[in-house]
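J.: Please find one structure pasted underneath; my questions will follow.
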Amino acid sequence: MALVIKKWYASHTANPQGNYVHLVGREAGLFAWFLSLIGIDPTTEIEIKENLIVFTAGSLSGREKRVIPMKSVCSAYYGYKKPWQTALLIGILLLPLFGIGLIAGPLYYFLNKELTVGIVETSSWVGGFAFKRSVIEGQNIEEQNAYEVIDIIRSLIENKTA
């Protein structure tokens, strides 16, 4: 399931916490948003530092953290999914109902584009997360932003293996 983006930082220079990339997402939906307002915030987080990558996944049951040395990362990937077929189908099916399809189809497309970012460790563990636009947090991430994250990871990997 795709997470909605709460925080997105990606730069070729580290922030004060030493992160070149810092992505934070939460589960989608109003219930998850309400839980975050009252401090019960099951989030997923990726921190990419000069020497390591930290994956943190939280839920209502607890938290799990995986720390990976940068030398153990063999590749990175990203992907972008645009659900135009489903949006078109929704638009066509709901068009006879007072033209609702003219709004529902594009709205579905707009809110459900997914962006996937991940890495592959030399042990063959794959860590990746899918994100989608967050209307409540006001975060919109495009394919170019995902490529920038991969470019940063690639640069850090090359610096460690050169």
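The values are calculated or read from the model by the stated rules, or taken from the named source; none is laboratory data. All figures in this text were calculated on a predicted structure; none of them were measured in a lab. Note: ideal-geometry Cβ built from the backbone for every residue, glycine included; neighbour counts use all protein chains shown. Heavy atoms of the whole protein, side chains included, go into the accessibility calculation; ligands, DNA and RNA do not. Shrake-Rupley method; radii C 1.70, N 1.55, O 1.52, S 1.80 Å.
J.: Given a 1.4 Å probe, how much area per residue of the range 1-142 is accessible, in Å²?
T.: On a per-residue basis, the range 1-142 sits at 57 Å².
J.: How large is the charge dipole for the chain, taken about the Cα centre, if only the Cβ atoms of Lys, Arg (+1) and Asp, Glu (-1) carry charge, to the nearest 20 debye?
T.: Computed about the Cα centre, the dipole is about 140 debye.
J.: While we're here: Suppose R0 equals 22 Å; then what is the FRET efficiency for Glu50 and Phe110 from their Cβ-Cβ distance, rounded to the nearest 0.05?
T.: 0.05
J.: On to the next question. Going 7 Å from the Cα of Asp151 along its beta-carbon direction, which residues of the range 26-57 have the amide nitrogen within less than 19 Å of the resulting point?
T.: Residues 48-50 qualify, since their backbone N sits under 19 Å from the label point.
J.: A further question on this structure: Lys7 to Trp84: extension gain in nm, 0.36 nm per residue of separation minus the Cα-Cα distance?
T.: 25.1 nm
J.: Here is a further query. If you compute Cα extents along the principal axes in Å for the structure shown, which of (i) 70, 37, 27; (ii) 61, 35, 29; (iii) 42, 36, 31 do you land on?
T.: Computed from the coordinates, Cα extents along the principal axes in Å corresponds to (ii).
J.: A further question follows. Between Leu95 and Gln144, what's the calculated FRET efficiency when r is the beta-carbon distance and R0 is 35 Å? Round to 0.05.
T.: The computed FRET efficiency comes out at 0.60.
J.: Okay, moving on. Once both axes come from the Cα atoms, what is the angle between helix 143-161 and the longest principal axis of the chain, in degrees from 0 to 90, rounded to 10?
T.: It is inclined by approximately 10 degrees.
J.: Provide the gained length on full extension for the span Phe31 to Ser75, in nm with one decimal, where the gain is 0.36 nm per separating residue minus the Cα-Cα distance.
T.: Going from the current span to full extension adds 12.3 nm.
J.: By how many nm would the segment from Ser123 to Asn159 grow when fully extended, if each residue of separation counts as 0.36 nm and the alpha-carbon distance is taken off?
T.: Contour length minus the Cα-Cα distance gives 11.0 nm.
J.: Also: Per the 1.4 Å probe, what fraction of the accessible area of the range 5-100, in percent, lies on carbon and sulfur atoms?
T.: Accessible surface attributable to carbon and sulfur in the range 5-100 totals 62 percent.
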